[in-house]
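Colleague: First the structure, then my questions, so here it is.
The values are calculated or read from the model by the stated rules, or taken from the named source; none is laboratory data. Worth saying up front: this structure is predicted, and the values here are computed from it rather than measured. Glycine also receives a Cβ, built like all others from the backbone with ideal geometry; neighbour counts cover every protein chain displayed.
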Amino acid sequence: MKITIGADHAGYEMKRELVGFIEGLGHSVHDVGTFEPEKPDDYPDYAILVAEDIRSGQAERGVLVCGSGVGVSVAANIFRGIRAGLCHDHYSAHQGVEHDDMNVLVLGSRIIGPMLAQDAVEAFLNASFSGEQRHVRRLNKVKGIEKNEFR
């Protein structure tokens with residue numbers, strides 16, 4: 001699977017470690033930065049880059065990291081077609097894909113450690129949307145809201 005990953009300065013170290021981890025799982029990774037964590041940057045810039053890759057088909061899923069995960073989650077969810085979930089546990093990371101067709105996993109580097117981040121990433125990448133009728137119905141409602149809000 002093609003994965004795009006991005007992080008601001010606060011998420012840089014976790015992102016750097018996750019790139020190798022994701023590649024080790026057999027996925028290809030497009031790292032959109034930051035590459036210079038000592039320089040001032042803003043998390044919305046990385047949400048834009050990850051969202052663009054997914055929306056263009058350059059990536060199937062994305063991973064975003066910032067300090068808490070909250071800011072970059074808010075920014076990513078503004079984009080049509082992006083369903084980003086802030087997940088700091090195994091269950092939410094796979095359930096978000098299985099039930100909600102989540103396509104971006106968001107992590108807070110100041111909230112969880114590297115092993116839990118790896119566990120969440122692996123659960124996210126191994127999960128598939130269930131396609132169950134109740135989940136499709138709910139997803140279609142979410143897409144309807146998105147369509148009406150972005151007319």
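Colleague: Pairs under 9 Å by beta carbon, first residue polar (S, T, N, Q) in the range 123-151, partner part of a helix (DSSP H, G or I), six or more apart or different chains?
Modeller: 126/94; 126/97; 128/97; 128/98; 130/97; 130/98; 130/99; 130/136
Colleague: For the range 133-151, which positions are farther than 25 Å from residue 56 by Cα and surrounded by 15 or more Cβ atoms within 10 Å (Cβ to Cβ)?
Modeller: Within the range 133-151, none qualify.
Colleague: Going through 130, 73, 68 one at a time, which residue ends up being in contact with a helix residue (DSSP H, G or I) (Cβ under 6 Å, 6 or more places away or on another chain), at negative phi and among the hydroxyl-bearing types (Ser, Thr, Tyr)?
Modeller: Numbers: 73 fails: in contact with a helix residue (DSSP H, G or I) (Cβ under 6 Å, 6 or more places away or on another chain); 68 fails: in contact with a helix residue (DSSP H, G or I) (Cβ under 6 Å, 6 or more places away or on another chain).
Just a single option satisfies the conditions, and that option is 130.
Colleague: Please determine, by comparing only the residues of the range 29-40 that are assigned to a loop (DSSP other than H, G, I, E, B) and in contact with a strand residue (DSSP E or B) (Cβ under 9 Å, 6 or more places away or on another chain), which one is nearest to residue 1 (Cα to Cα).
Modeller: Selected residue: 32.
Colleague: Still on this structure, please answer the following. So, in the range 40-68, exactly how many residues are within 10 Å of the chain's Cα centre (by Cα) and of a type outside the set (Val, Ile, Thr)?
Modeller: Here the count works out to 5.
Colleague: Since residue 39 meets every condition but one in (1) basic (Lys, Arg); (2) without any contact (Cβ under 8 Å) to a residue 40 or more places away in the chain; (3) within 24 Å of residue 147 (Cα to Cα), which condition does it not meet?
Modeller: Here residue 39 clears every test but (3).
Colleague: Say we look at the range 81-132 and pick out the residues that are under 14 Å from the mean Cα position of the chain (by Cα), of a type in the set (Gly, Ala, Ser) and not in a helix (DSSP H, G or I); which of these is surrounded by the fewest Cβ atoms within 10 Å (Cβ to Cβ)?
Modeller: Looking at residues that are under 14 Å from the mean Cα position of the chain (by Cα), of a type in the set (Gly, Ala, Ser) and not in a helix (DSSP H, G or I), I get 81.
Colleague: Tell me, yes or no, whether the range 70-87 has at least one residue that is at pLDDT 95 or above, of a type outside the set (A, V, I, L, M) and in contact with a Ser or Thr (Cβ under 9 Å, 6 or more places away or on another chain).
Modeller: There is at least one residue in the range 70-87 that is at pLDDT 95 or above, of a type outside the set (A, V, I, L, M) and in contact with a Ser or Thr (Cβ under 9 Å, 6 or more places away or on another chain).
Colleague: Something else now. Please count how many residues of the range 48-70 are assigned to a helix (DSSP H, G or I), hydrophobic (A, V, I, L, M, F, W, C) and in contact with a strand residue (DSSP E or B) (Cβ under 6 Å, 6 or more places away or on another chain).
Modeller: 3
Colleague: Starting from the range 53-65, take each residue that is over 11 Å from residue 30 (Cβ atoms) and list its partners that are of a type in the set (Lys, Arg) and part of a loop (DSSP other than H, G, I, E, B), counting only C-beta distances under 9 angstrom and pairs at least six apart or across chains.
Modeller: The qualifying pairs are 55/80.
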